[in-house]
Amino acid sequence: MNDIIKNIEAAQMKESVPEFNVGDTVKVYAKIKEGEKERIQIFEGTVLKRQGGSNRETFTVRKLSNGIGVEKTWPLHSPNVDKIEVVRKGKARRAKLNYLRGRIGKAAKVKEIVR
């Protein structure tokens, strides 16, 4: 039984997922259906957390839109996520950046890793 579930989950996973961590600024290209049309909308923000494993793994991205914080959570292997593009790498010393929710402006920034 356990092998059957693992085979089904392995079939649902994407072949290539970009390397990104908590604190990185990413652009998520999400597919949106409006009626019969389908378009791609870009959501750019800081990765607050990654959780789960296998094909159930999700990640949460936060951005400021007109001074209001907006968070979205996507499954990593969802067909609705077209691609994920890393804009810049961030330095984070913890797994979940929930403290960013209470901050605005420059205080809500994550330091960049300079390569």
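Read-outs throughout are calculated quantities, based only on the coordinates presented, and are distinct from any laboratory measurement. All values derive from a computational prediction rather than experimental measurement. Every residue, glycine as well, gets a Cβ built from its backbone with ideal geometry; the counts of neighbours run over all protein chains shown.
Relative to the longest principal axis of the Cα atoms of the chain, the long axis of helix 2-12 makes an angle of roughly 60 degrees.
Springs join every pair of Cα atoms under 10 Å in this Gaussian network model of the chain, and among A92, A30, A11 the largest mean-square fluctuation is at A11. Relative to the current alpha-carbon distance between K14 and R94, full extension at 0.36 nm per residue lengthens the span by 26.1 nm.
At 222 nm, what value in deg cm²/dmol follows for the chain if DSSP H runs of at least 4 each add -39500 (n - 2.57) and the sum is divided by all its residues, to the nearest 500? Working shown, then result.
On the way: 1 runs with 11 residues, N = 115.
Here the helix-only value at 222 nm equals -3000 deg cm²/dmol.
Applying 1/(1 + (r/R0)^6) with R0 = 22 Å to the Cβ-Cβ distance of Y29 and I68, what FRET efficiency is obtained, to the nearest 0.05? E between Y29 and I68, to the nearest 0.05, is 0.45.
For the chain, relative contact order (Cα pairs under 8 Å, six or more residues apart, normalised by length) works out to 28 percent. Selection among V110, N7, H77 by position relative to the dipole of the chain gives V110 as farthest towards the positive end (Cβ unit charges, Cα centre).
Amide H to amide H, with H built 1.01 Å from N, L76 comes under 5 Å of E57, T58, F59, counting only residues 5 or more places away or on other chains.
Between amide H atoms placed 1.01 Å from N, distances below 5 Å from K83 occur with Y29, all of them 5 or more places distant or on a separate chain. GNM, the chain, Cα, under 10 Å: largest mean-square fluctuation among G45, G35, G105? Comparing G45, G35, G105 in a Gaussian network model of the chain, the most mobile one is G35. Across the stretch 69-74, computed HN-Hα scalar couplings (Karplus, 6.51 cos²θ - 1.76 cosθ + 1.60, θ = phi - 60°) run x, 10, 10, 9, 10, 10 Hz from first to last residue, x flagging Gly and Pro.
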